[in-house]
1. Suppose we look only past 20 Å in the calculated P(r) of region 12-72. What percent of the Cα-Cα pairs does that tail hold?
2. Sort out for me the Cα centre separation of region 31-101 from region 140-169, rounded to whole Å.
3. Can you tell me the equivalent ellipsoid semi-axes for region 100-168? Use √(5λ) from the Cα gyration tensor, largest first, whole Å.
4. Stretch residue 70-residue 36 to full length: gain in nm at 0.36 nm per residue minus the Cα-Cα span?
5. Debye calculation, C-alpha points only, no solvent: report log10 I(q)/I(0) for the chain at q = 0.08, 0.12, 0.16 Å⁻¹, in the same order as the q values.
6. Rounded to the nearest 5, what % of DSSP beta bridges with both residues in region 4-179 are antiparallel?
């Protein structure tokens with residue numbers, strides 16, 4: 001079993017550096033070891049996605065910006081095999097842009113996308129997070145950063161239990177092995 005961090009960002013607007021919340025769930029040896037959510041004050045007060053996640057500028061105005069929060073987040077990234085996110089392209093872009101905005105070193109840890117993992121492991125379609133959570137019987141309060149990252153962590157845990165391995169990139173599915181690369 002691997003050590004990984006499931007991460008989920010919520011953003012205020014279309015800007016990739018507008019993180020307003022992040023959920024972190026650390027998994028070690030197939031079990032959730034710790035979890036935490038942080039509110040983040042984005043660089044600008046424009047909130048276009050309140051209707052999705054319920055957060056407003058007033059909710060985060062007194063929270064630290066990403067740069068000030070980084071010393072609390074960075075230790076979560078130590079000693080990982082990989083990062084996991086549902087639609088990892090989004091979360092990896094937000095992480096990269098937030099780090100660049102505050103002149104922080106961008107983590108080089110590989111991302112695994114649980115959208116791709118669910119499609120290849122169980123042929124789940126559609127693969128929105130609520131669909132995969134329902135398929136696996138997971139609780140989900142969608143667009144709550146901690147709930148989303150917890151569901152993502154549990155998707156990876158389920159895949160590992162079903163034979164997927166980060167180290168080999170393969171899963172034993174029934175009588176056959178399938179390659180699961182570039183998730």
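Each reported figure results from applying straightforward, stated rules to the coordinates on display, with no laboratory input. In this text the structure is predicted, and so the values were computed from the model without any measurement.
1. Working: 580 of 1830 pairs.
Summing the P(r) of region 12-72 above 20 Å gives 32 percent of all pairs.
2. For region 31-101 versus region 140-169, the Cα centre distance is 18 Å.
3. Working: eigenvalues 109, 58, 21 Å².
Three semi-axes, in Å: 23, 17, 10.
4. Numbers: separation 34, 0.36 × 34 = 12.24 nm, distance 1.36 nm.
Net length gain for the segment: 10.9 nm.
5. Each listed q maps to, in turn, -0.24, -0.54, -0.93.
6. Values: 20 of 26 bridges.
Percentage antiparallel, nearest 5: 75.
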